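The next block holds one structure in the form of structure tokens; read it before the comments.
Just so it is clear, none of the values below were taken in a lab; they were calculated from the coordinates. Because the structure is predicted, anything quoted here is derived from the model rather than measured. A quick note on method: Cβ atoms are made from the backbone with ideal geometry, for glycine too, and the neighbour counts reach across all protein chains shown.
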């Protein structure tokens with residue numbers, strides 16, 4: 001699978017994603033500079049974590065207006081796969097490729113910790129490799145990770161099956177108002193959403209930081225492996 005990792009000024013998780021795709025999974029991976037207009041025929045585009053353009057104005061606001069995002073939007077419209085992780089999720093929201101917005105965390109503090117995630121769907125390219133896994137553990141590291149949207153928009157997301165990941169407890173239980181379960185205070189404990197077509201996923205947790213046994217946790221690997229397996233099936 002040909003994978004492109006977009007690099008903005010201030011990205012700091014781009015090499016982590018590249019390592020997982022290239023060295024752990026053996027895929028063709030390359031970096032795409034934010035000022036480019038050509039996605040180099042990449043089938044998967046990843047917007048990595050970091051602090052794009054210093055996150056001035058709002059997190060992701062300036063990156064959403066970079067030249068490459070027009071090409072990313074066209075890629076998504078054609079059904080191409082797009083994954084936004086942490087800051088990448090914020091960029092997707094600011095670019096209008098996903099609905100909603102991000103606010104500073106509950107308590108106004110930067111959070112760097114592991115969280116438990118309820119997998120709400122297993123039928124997407126991003127999640128099918130989890131199969132019967134109900135709960136995954138992944139790290140978060142953000143200051144503006146409180147997902148918000150209007151009640152009407154939240155209802156549409158729920159009705160359309162667009163909520164893919166939700167903060168939960170170790171047993172998969174809900175605790176939307178519990179800071180120990182939903183530490184950033186996201187509406188309805190939303191940790192990741194997908195567009196209506198199911199080909200654009202934004203998520204605040206970092207799967208690339210828990211994709212190897214040497215890191216003590218491989219819960220993020222199925223997400224990347226599932227994308228490459230999906231490509232293998234559709235390419236045949």
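In terms of its alpha-carbon gyration tensor, the stretch 1-81 comes out oblate; a/c meets the 1.5 threshold, while b/c is at least as large as a/b. Measuring r between the beta carbons of residue 110 and residue 67 and using R0 = 41 Å, the FRET efficiency lands at 0.85. Approximating the spin labels as points 7 Å out from Cα along Cα→Cβ, the residue 170-to-residue 213 distance works out to 2.3 nm. Taking every DSSP beta bridge that has both ends in the stretch 2-235, the antiparallel portion is near 60%. Here the spin labels are modelled as points 7 Å beyond Cα on the Cα-Cβ line, and at residue 123 and residue 177 they lie 3.3 nm apart. Segment residue 38..residue 24, full-extension length gain: 2.4 nm, with 0.36 nm per residue of separation and the alpha-carbon distance subtracted. Put the Cα centre of the stretch 50-77 next to the Cα centre of the stretch 141-210 and the gap is 21 Å. Extending 7 Å from the Cα toward the beta-carbon at both residue 152 and residue 74 defines two label points whose distance is 3.3 nm.
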